[in-house]
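Note sheet for the following structure.
The values are calculated or read from the model by the stated rules, or taken from the named source; none is laboratory data. Every value quoted in this text rests on a predicted model; they were computed, and no experiment measured them. Note that we place each Cβ from the backbone using ideal geometry, even for glycine, and neighbour counts take in every protein chain shown.
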Amino acid sequence: MAFSTRAGLRPGTYRWVVLGVAFLVHATCIALIWQAVPPLKQAMAPTLGTEWGAVVVVYAAFSFGMLLTQLPGGALGDRYPLRYVVAVGAVFAGGATVVRALVPTLEGQIALSLLATIGMGLVNPNLIKVVTEWFPPERLGLGQGILMSGNTLASGLAFSLSAGVVLSAVGTWQFVFVLYGGLTVVAGLLWLVTVRSPTDSERPLDPETGVPFQVDTGVPLRESLGAVARSPSTPWVVLLSVLAFWAIIGSLSVLPEFADAMPYAVPELLLGTPLFLATLGALCLPVLSDRFGRGPVLRVGVVGLAAGILLTGFAPALPVFILGMVVAGVFGGGLNAMFYLLPGALADIDNAHVGTMAGVILSLGQIGATVASVLGAQVLENADVLPGVPAVAESAMTVALPVLLGLVCVRRLHLQEAVLEESDATVDDEDAVVTDG
């Protein structure tokens, strides 16, 4: 039996309940269990019988797995009820994380990362579709921004606390993963008993037709893939995602090396700055796109991200280095959140195929993340292309400049520019409708 809101609970209120639970699922399943690996790698290495540098592969396996699982995961969300797809994914990923405590080998830990991405691939693209089903176009940026902020906030907390406060509290790295995996399972079960699909009166209205968007399940994979393949926006949004993740993940992967290469000391504590500031960007850029349009905000995000990375790479002093991290963090987090908004903001993709489009964007974007992480490090170690230019600056240009090609991609997207009106900020017609349970 599907969960239903109690009598008297307005649709406008219940959508925030859905978003709150989605926030928790996203924070645990897509961020906490993944981003805990880098800070714990030194604690894991002795148990696994290897050097801590080799444990990086346990982390990289997540990106590889997400490249493979998010497209089929999104397609399953178009075919089956999201209530069950997301719940199964979260419980599966959390369970795989708990099992880490029982596997004392590097190969086993890599396999568990890949196993967890099966569940993560069910969750990530389909949370995007859930928000699209509940929030109208003029508030879609707000909804997706709040969803993405769960990811960035949990990533920052995992990066900052896992190897310190949490490890000290629970005793061993194995119990850290038991804790994080258990929280993910609980979030999945909370989703199962709390979230349902919207009724006809709760569905957002299509701004062109004035009728509720359709959110039917049971869409065959062939139909979803065909709709995505026929969309004129698909090649451009995929290229934009590859370029953006190239810059976002590529810059984060070499940030510690950037700090070490500088002629001044960069406190290690400051290296978490981009992750925490990404939360601010994830909340602000999508909301600004509700008011000023998707295209202009995407362009600002692209330019801001490139500028921040270049500032960091060319910084002559610590204050400029910090400023670069702040700028890159805000615009990187904001641009990342815009990719959660885009599947539901493309005029040539209807809501029945949003899950598949989200899977395509998020999966193929990992290509840029994977290649840039490797290439940025190689340039940093072997740079000698531009005489007189420091290696760190060449690496920053390698990571930052390609994303500027995204400005061309943005021009080619068919976007629903549903801009929030002043009256919409205070009045929501749907909030006047009361469900009868």
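In table form, for the structure just shown:
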item: Identity of the residue in the range 173-206, at pLDDT 95 or above and either over 20 Å from Leu24 (Cβ atoms) or touching an Asp or Glu at 6+ places or on another chain (Cβ under 6 Å) (or both), that ends up surrounded by the fewest Cβ atoms within 10 Å (Cβ to Cβ); result: Phe175
item: Segments classed as helices (runs of 4 or more DSSP H), wholly inside the range 1-85, with at least 2 members that are at pLDDT below 85, touching an Asp or Glu at 6+ places or on another chain (Cβ under 9 Å) and over 18 Å from Ala101 (Cβ atoms); result: 11-26
item: Some residue of the range 371-381 being of a type outside the set (Phe, Trp, Tyr), modelled with pLDDT of 75 or more and either more than 15 Å from Ala244 (Cβ to Cβ) or touching a helix residue (DSSP H, G or I) at 6+ places or on another chain (Cβ under 6 Å) (or both); result: no
item: Single unsatisfied condition, Arg230 versus (1) out of contact with any strand residue (DSSP E or B) (no Cβ under 8 Å at 6 or more places or on another chain); (2) at pLDDT 90 or above; result: (2)
item: Boolean, Ala163 is out of contact with any Gly (no Cβ under 6 Å at 6 or more places or on another chain) and in contact (Cβ under 8 Å) with a residue 12 or more places away in the chain; result: yes
item: Val98 vs. criteria touching a residue at least 40 places away in the same chain (Cβ under 8 Å) and either among the basic types (Lys, Arg) or in the same structural domain as Arg83 (by TED's automatic domain parsing) (or both); result: yes
item: Residue satisfying condition, being in contact with a Gly (Cβ under 6 Å, 6 or more places away or on another chain), crowded, with 24+ Cβ neighbours inside 10 Å and not aromatic (Phe, Trp, Tyr), within set Gln70, Gln144; result: Gln70
item: Among the residues listed as Val91, Val98, the single one being at pLDDT 95 or above and closer than 19 Å to Thr172 by Cα; result: Val98
item: Residue among Gly344, Gly281, Gly324 that is in the same structural domain as Val228 (by TED's automatic domain parsing), more than 22 Å from Leu127 (Cβ to Cβ) and assigned to a helix (DSSP H, G or I); result: Gly324
item: Lone unmet requirement of (1) assigned to a helix (DSSP H, G or I); (2) modelled with pLDDT of 80 or more for Pro263; result: (1)
item: Residue within the range 239-253 that is in contact (Cβ under 8 Å) with a residue 12 or more places away in the chain, assigned to a loop (DSSP other than H, G, I, E, B) and not assigned by TED's automatic domain parsing to the domain that holds Asp78 present; result: no
item: From the options Pro286, Pro296, Pro274, residue that is farther than 27 Å from Thr398 by Cβ, within 16 Å of the chain's Cα centre (by Cα) and not assigned by TED's automatic domain parsing to the domain that holds Arg139; result: Pro286
item: Among the candidates Gly150, Gly143, Gly156, Gly164, residue that is more than 16 Å from the chain's Cα centre (by Cα) and either of a type outside the set (Lys, Arg) or assigned to a helix (DSSP H, G or I) (or both); result: Gly164
item: Val130 buried (at least 24 other Cβ atoms within 10 Å of the Cβ), touching a residue at least 24 places away in the same chain (Cβ under 8 Å) and touching a Cys at 6+ places or on another chain (Cβ under 7 Å); result: no
item: Val330 being free of Cβ contacts under 8 Å to residues at least 12 places away in the same chain and in a helix (DSSP H, G or I); result: no
